[in-house]
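These notes concern the structure reproduced below.
The values are calculated or read from the model by the stated rules, or taken from the named source; none is laboratory data. Not measured: the values here are computed from a predicted model. Heads up, the Cβs are rebuilt from the backbone with ideal geometry, glycines too, and the neighbour counts pull from every protein chain shown.
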Amino acid sequence: MRETENYDKIIIGAGLYGLYAALFCARQRERVLVLEWDDQAFGRATYINQARVHMGYHYPRSLSTAQKSAGYFARFTRDYEFCMLKEFEQIYATSAQFSWTDASQFQKFCQAAGIRCEEVSPSRYFRSGMCDGAFLTTEYTYDARILRDYYLERLGEEAGVSIRYHARIRQIYQDGDTYKVELEDGLSARTGFLLNASYASANQVLKKVQDLYGEPFGIKYELCEIILCEPSEHLRPVGITVMDGPFFSVMPFGKTGLHSLTSVTFTPHMTSYESLPVFPCQEKSQGSCTSLQLGNCNDCPAKPESAWPYMSHMAEKYLREEYGFSYKGSLFSMKPILKNSELDDSRPTVIRRLSDKPTFVSVLSGKINTVYDLDEVLSNGE
Amino acid sequence: MENKEKNFVSAVIYVYNHEKALPGLLNRINGILAENFEHYEIICVDDRSTDGSVKMIQKFAGKVEGASVSILHMSYYQGVELAMNAGVDLAIGDFVFEFDKVDEEFPGELLMEVYRTSLTGFDIVSAAPNRAERWTSRLFYWIYNRAAAGRAPLRSEAFRILSRRAINRVHAMCQSIPYRKAVYASCGLRTETLVYEQRSRGGGISGEERANRRDMAFNSLILFTNLGYKLSGALAGLMMALVIFIGIYTVVIFISAKPVEGWTTTMLFLALAFFGVFAIFAMIMKYLTILIDLVFTKQRYVIEGIEKVK
């Protein structure tokens, strides 16, 4: 067996939160090891989502989430401008039926949150009677591929950071005032600070840590599909989100030239309410995915059939004909959802410190621009 | 079947305490749709059933493959019209089947026949049983069809299909649809009714539903026909004529019979006053009919939630 290497911090998961933490620590002159199950960074949730940089519009029933989002929005757009698409009209509309929020409530909410909301005629985008209000807003979309390359380049310049892809963690246990992480290939590493930034696998990682008293996150899991589509000329410079209820969103997907299409009812294909993700498709995944270790849904042989017929029909029911789009492909990914956020639809970032000396911190956030919440726990100067 | 239809269809089913008949209907509809369509969805609108209907739907959804099944839970009992409005609003299909009555027997092939008929250019196609209706229904349709002459006549229907165009048209016409059949009939698009031989008559209806239907019958007559206005207008006219006659009679008596002092003035005053009152009534009637036209479009339904079961 090889010698155990020492690190100031070990980070599990090379998504945005993991790599952000790695760069943050490297700049504090720390030695950092990033462990990633996949063979690439940003292979899952960071890439496979709507790529929306949230300004807060999404949470008309949770003003606190909205205000926080708006605050982070400015900082995030400043720091990561290079990967952002800003030049498009982002339209939020309230559906005439089934919406939990109507046009005037939405306007009031935007005023309270202090975010832009200019009324436009719903008939410009929607079929008659489908939406009772449409609003021009400011929101951007980020390109995960560009963001990833930026991070990998920056991290490559830092001598103290190493990223280990295809990392198979066998177990993690406490050894004095450090955690020892053992990989299947015999490698082991030691650290006084372990960060679990594995998003959907958060509870699975917790389970790998021996003798740790730690309640799993109260989450449910949704296997989600994002559809990439080619927008029509009219749709290209426009992003449209119909809310607040069982609706859909079609908006630019970073700088790819494609649009992402999602819908509240059809984007989640399956749901697991267990504390570890249990899905019937795992049996057909040829061992690549279990309730103890999630595979990458996107590469899975058992990934579900696309819900394109459903999602496209829902969007077509609302949108005027000229805002058409055609199917390009589907991306699948696992999404953990905090159970207590159902009612007000808020998406808080949860950072849990499970032990001190050695430190073990688990982070779970559904939004990319709240990544700055990590600063506090990572900072040396505390 | 190799060549399945590419059109996306939605089936919206009204469910109110139908646990017995429901599984049969769901399986039948699903079987036919699965055989004929590449993609479809089934929406069950549960109007606060108090029996095991919802469990039946959930059980059914567990077995279905390759289709979306949703339950739309109404917050409280709101009757078939509002509930089905909600269901159709939720549907995303190019064509939407409406099943108002779960316990209605109809031949399976009729479903596709109705669909194919609509493809030939009918935006709304209904399937109606050829049978003796209850005398109350018969009376209602008789009065209604006479009063709403010129529009497509109404009758008892088992189910119907709507094109997306028809739904859009109906939405553009009025914001709410208190009585779908009447709105569909007067939406101006081409409609067709397929009549079939009914083998057995559907089950009985509950007291609650009977009361609901009675209300609806009166409301529809008032909202979709000018029957109420005509009737009250005629009455007001009659009364005014009567008052004029009394006036003339008073003058005649005054000239010919020399009545008691004061009688003539009293009578003339009363005649004039009543004439005024009835004239005002007639105007109020007119105002009310206009108001109804404006106001009934505000009617909305309330839902508790939408459950996606599959």
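Okay, residues lined up against (1) in contact (Cβ under 8 Å) with a residue 12 or more places away in the chain; (2) under 30 Å from A:P280 (Cβ atoms); (3) in a helix (DSSP H, G or I):
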{"residue": "B:L72", "(1), (2), (3)": "yes, yes, no"}
{"residue": "B:A83", "(1), (2), (3)": "yes, no, yes"}
{"residue": "B:A86", "(1), (2), (3)": "yes, no, yes"}
{"residue": "B:G93", "(1), (2), (3)": "yes, yes, no"}
{"residue": "B:E98", "(1), (2), (3)": "yes, no, no"}
{"residue": "B:L111", "(1), (2), (3)": "yes, no, yes"}
{"residue": "B:V114", "(1), (2), (3)": "yes, no, yes"}
{"residue": "B:T117", "(1), (2), (3)": "yes, no, yes"}
{"residue": "B:Y144", "(1), (2), (3)": "yes, no, yes"}
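Could you go through region A:25-45 and let me know if any residue there is at pLDDT 90 or above, assigned by TED's automatic domain parsing to the domain that holds A:L152 and in a helix (DSSP H, G or I).
Checked against the condition, which is being at pLDDT 90 or above, assigned by TED's automatic domain parsing to the domain that holds A:L152 and in a helix (DSSP H, G or I), region A:25-45 yields at least one hit.
A:G295 versus (1) within 14 Å of chain B (Cβ to nearest Cβ); (2) touching a Ser or Thr at 6+ places or on another chain (Cβ under 8 Å); (3) not β-branched (V, I, T): which is the lone unmet condition?
(1)
Could you tell me which of the residues B:I303, B:I205 is modelled with pLDDT under 90, under 30 Å from B:L111 (Cβ atoms), of a type outside the set (D, E, K, R) and touching a strand residue (DSSP E or B) at 6+ places or on another chain (Cβ under 7 Å)? Outline the logic, then answer.
Details: B:I205 fails: touching a strand residue (DSSP E or B) at 6+ places or on another chain (Cβ under 7 Å).
Residue meeting the stated conditions: B:I303.
Determine which member of the set A:A302, A:A307 is within 14 Å of another protein chain (Cβ to nearest Cβ), within 23 Å of the chain's Cα centre (by Cα) and modelled with pLDDT of 90 or more. Give the steps one after another, and end with the answer.
On the way: A:A302 fails: within 14 Å of another protein chain (Cβ to nearest Cβ).
After applying the criteria, what remains is A:A307.
Within region B:47-66, can one find any residue that is surrounded by 20 or more Cβ atoms within 10 Å (Cβ to Cβ), more than 20 Å from B:E105 (Cα to Cα) and within 14 Å of chain A (Cβ to nearest Cβ)?
The answer is yes; a qualifying residue exists.
Check B:V102, B:V96 and return the single one that is away from chain A (no Cβ under 14 Å), among the aliphatic types (A, V, I, L, M) and either under 18 Å from B:S186 (Cβ atoms) or over 15 Å from the mean Cα position of the chain (by Cα) (or both).
Working: B:V96 fails: away from chain A (no Cβ under 14 Å).
Just a single option satisfies the conditions, and that option is B:V102.
Return a yes/no flag: does region A:367-375 have any residue that is in contact (Cβ under 8 Å) with a residue 40 or more places away in the chain, out of contact with any Gly (no Cβ under 6 Å at 6 or more places or on another chain) and charged (D, E, K, R). Steps first, please.
So the first thing to find is which residues in region A:367-375 are in contact (Cβ under 8 Å) with a residue 40 or more places away in the chain, and the list is A:367-372, A:374-375.
If we keep only those that are out of contact with any Gly (no Cβ under 6 Å at 6 or more places or on another chain) too, we end up with A:367-372, A:374-375.
Among the residues that remain, those that are also charged (D, E, K, R) are: A:367, A:375.
The answer is yes, given that some residue of region A:367-375 is in contact (Cβ under 8 Å) with a residue 40 or more places away in the chain, out of contact with any Gly (no Cβ under 6 Å at 6 or more places or on another chain) and charged (D, E, K, R).
Which condition number in (1) in a helix (DSSP H, G or I); (2) away from chain A (no Cβ under 14 Å); (3) not β-branched (V, I, T) is the one that B:L33 fails?
Failing condition for B:L33: (2).
What residue, of B:V251, B:V183, B:V243, is of a type in the set (A, V, I, L, M), at pLDDT 80 or above and closer than 26 Å to B:R131 by Cβ?
B:V183
Mind checking which strands (runs of 3 or more DSSP E) fall wholly inside region A:81-140 and carry at least 3 residues that are over 16 Å from B:H171 (Cβ atoms), among the acidic types (D, E) and in contact with a Pro (Cβ under 8 Å, 6 or more places away or on another chain)?
none
Kindly indicate the residue of region B:6-29 that is touching a strand residue (DSSP E or B) at 6+ places or on another chain (Cβ under 9 Å) and surrounded by fewer than 20 Cβ atoms within 10 Å (Cβ to Cβ) and also modelled with the lowest pLDDT among those meeting that condition.
Of region B:6-29, the ones touching a strand residue (DSSP E or B) at 6+ places or on another chain (Cβ under 9 Å) are B:6-16, B:22, B:25-26, B:29.
Imposing the further condition that a residue be surrounded by fewer than 20 Cβ atoms within 10 Å (Cβ to Cβ) reduces the set to B:6-7, B:29.
On the way: B:K6: 87, B:N7: 90, B:I29: 93.
Per the criteria, the residue is B:K6.
Could you check A:Y59 against (1) out of contact with any Phe, Trp or Tyr (no Cβ under 8 Å at 6 or more places or on another chain); (2) surrounded by fewer than 22 Cβ atoms within 10 Å (Cβ to Cβ); (3) more than 14 Å from chain B (Cβ to nearest Cβ); (4) not in a helix (DSSP H, G or I) and say which number it fails?
(2)
Which of the residues spanning region B:126-142 are among the hydroxyl-bearing types (S, T, Y), under 23 Å from B:L189 (Cα atoms) and either in a strand (DSSP E or B) or out of contact with any Pro (no Cβ under 8 Å at 6 or more places or on another chain) (or both)? Write out each step before concluding.
Applying the first criterion (among the hydroxyl-bearing types (S, T, Y)) to region B:126-142 yields B:126, B:136-137, B:141.
Now drop any that are not under 23 Å from B:L189 (Cα atoms), which leaves B:126, B:141.
Passing the criteria: only B:S126.
Here is a list: A:A112, A:A159, A:A103. Which entry is in contact with a helix residue (DSSP H, G or I) (Cβ under 8 Å, 6 or more places away or on another chain), aliphatic (A, V, I, L, M) and modelled with pLDDT under 95?
Working: A:A159 fails: in contact with a helix residue (DSSP H, G or I) (Cβ under 8 Å, 6 or more places away or on another chain); A:A103 fails: in contact with a helix residue (DSSP H, G or I) (Cβ under 8 Å, 6 or more places away or on another chain).
Of the residues listed, the single one that is in contact with a helix residue (DSSP H, G or I) (Cβ under 8 Å, 6 or more places away or on another chain), aliphatic (A, V, I, L, M) and modelled with pLDDT under 95 is A:A112.
So is B:L189 part of a loop (DSSP other than H, G, I, E, B) and either in contact (Cβ under 8 Å) with a residue 24 or more places away in the chain or aliphatic (A, V, I, L, M) (or both) or not? Steps first, please.
Values: part of a loop (DSSP other than H, G, I, E, B): yes; either in contact (Cβ under 8 Å) with a residue 24 or more places away in the chain or aliphatic (A, V, I, L, M) (or both): yes.
When the stated conditions are applied, B:L189 passes them.
Taking the options A:R27, A:R52, A:R75, name whichever one is buried (at least 18 other Cβ atoms within 10 Å of the Cβ) and away from chain B (no Cβ under 14 Å). Before the answer, list the steps.
Numbers: A:R27 fails: buried (at least 18 other Cβ atoms within 10 Å of the Cβ); A:R75 fails: buried (at least 18 other Cβ atoms within 10 Å of the Cβ).
None of the others qualify; the one that does is A:R52.
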